[in-house]
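Contents: one structure, followed by commentary.
The values are calculated or read from the model by the stated rules, or taken from the named source; none is laboratory data. Please read all numbers here as calculations on a predicted model, not as lab measurements. Heads up, the Cβs are rebuilt from the backbone with ideal geometry, glycines too, and the neighbour counts pull from every protein chain shown. Heads up: the accessible areas ignore ligands, DNA and RNA and are worked out on the full protein's heavy atoms, side chains in. Shrake-Rupley method; radii C 1.70, N 1.55, O 1.52, S 1.80 Å.
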Amino acid sequence: MSTEVAWINPATGGYIVLNETVINELNKYRQTTPVAKESGGILLGARRGPHLEVVDLTTPFPRDIRKRTFFDRRDSRHNGYALKKWATNQRKIDYLGEWHTHPECIPSPSSLDIKEWRKLIPPRNAQLVFLILGISDSWLGLGRTSGIKHCKPFNDPELPIVQRNFGAKI
């Protein structure tokens, strides 16, 4: 049985789902020590009707800028990896958004995060996912040309395969 985490997509009523492999990789980068630097990368996956399914990601590369409270994705290998995945998966794996960490228990986007994310939202109103991993919790938002909306975790006790949230390590 796999472990997935889901949020409700406020634009479509569908779900934004992260699979177990993605969750496990992301958890490696939580800033749980006082000297840990911010990390980040891109989220890759499939657009399935009203749903977004994150199945892969990139992690920091050497040319990225990483500081205690700052991450800037500068390495071209993020884009190269995304293009390779898109080409080798019959164009079904797409760029879905960005992720990075914050050195706080319950993260929220900074004004710089919002400013940078707005630059990424395409004019054709495609949905992008923006994820911030805190020390013990996470923040996920959905970006469209109309703005960036915080997404609520999907909580359904009848579906045990879907975890209630993406807080503590799973």
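Between Tyr15 and residues 5 or more places away or on another chain, which pairs have amide H atoms under 5 Å apart, with H built 1.01 Å from N, and which residues are they?
Here Asn9, His51, Leu52 satisfy the definition.
Just add up the charged neighbours of Ala11: K/R +1, D/E -1, any other residue whose Cβ is under 11 Å from the Cβ of Ala11.
Once all neighbours under 11 Å are counted, the net charge is +2.
Residue by residue, what Karplus-based ³J(HN,Hα) values in Hz, rounded to whole numbers, does the stretch 34-46 have, using 6.51, -1.76 and 1.60 with θ = phi - 60° and x for Gly and Pro?
x, 10, 5, 8, 5, 10, x, x, 10, 10, 10, x, 10
Label the chain by shape, choosing from rounded, prolate and oblate, from the square roots a ≥ b ≥ c of the eigenvalues of the Cα gyration tensor; if a/c is under 1.5 it is rounded, and otherwise prolate applies when a/b is larger than b/c, oblate when it is not.
Taking the square roots of the gyration eigenvalues as a ≥ b ≥ c, the chain is rounded.
Less than 10 Å Cβ to Cβ from Trp86, Lys/Arg counted +1 and Asp/Glu -1: what total charge do the surrounding residues give?
The answer is +3.
Where Rh is the Kirkwood radius over the Cα pairs of the stretch 60-145, the temperature 25 °C and the viscosity 0.890 mPa s, what D in µm²/s does Stokes-Einstein return?
173 µm²/s
Of all DSSP beta bridges in the chain, what percent run antiparallel (nearest 5)?
Of all bridge pairs located within the chain, approximately 75 percent are antiparallel.
Students often forget the sequence filter, so: which lysines lie under 21 Å Cα-Cα from Lys84 once same-chain residues fewer than 8 apart are removed?
Lys92
Considering the dipole of the stretch 47-106 built from charges on the beta carbon (Lys and Arg +1, Asp and Glu -1) around the Cα centre, which of His78, Thr88, His102 is farthest to its positive end?
Thr88
Relative contact order of the chain, please, whole-number percent, based on alpha carbon pairs below 8 angstrom and at least 6 residues apart.
Details: 364 pairs, mean separation 41.0, N = 170.
Reported as a whole number, the value is 24 percent.
Taking a cut-off of 20 Å between Cα atoms, list the lysines near Lys28, but don't count ones fewer than 8 places away on the same chain.
Here the lysines satisfying the reach criterion relative to Lys28 are Lys37, Lys67, Lys169.
May I ask you to give the solvent-accessible area per residue for the stretch 1-130, in square angstrom, as obtained with a 1.4 angstrom probe?
53 Å²
What residues have an amide H closer than 5 Å to that of Tyr29, excluding those fewer than 5 places away on the same chain, when H is modeled at 1.01 Å from N in the peptide plane?
Amide H neighbours of Tyr29, under 5 Å, 5+ apart: none.
Roll a 1.4 angstrom probe over the protein heavy atoms and tell me the percent of accessible area of the stretch 1-144 that is carbon or sulfur.
Whole-percent figure for carbon plus sulfur exposure: 52.
What does the charge dipole of the chain about its Cα centre add up to, to the nearest 20 debye, if the Cβ of each Lys and Arg holds +1 and the Cβ of each Asp and Glu holds -1?
In debye, rounded to 20, the chain gives about 600.
What value, in deg cm²/dmol to 500, does the helix sum -39500 (n - 2.57) over DSSP H runs of n ≥ 4 give at 222 nm once divided by the residues of the chain?
Calculated mean residue ellipticity at 222 nm is -5000 deg cm²/dmol.
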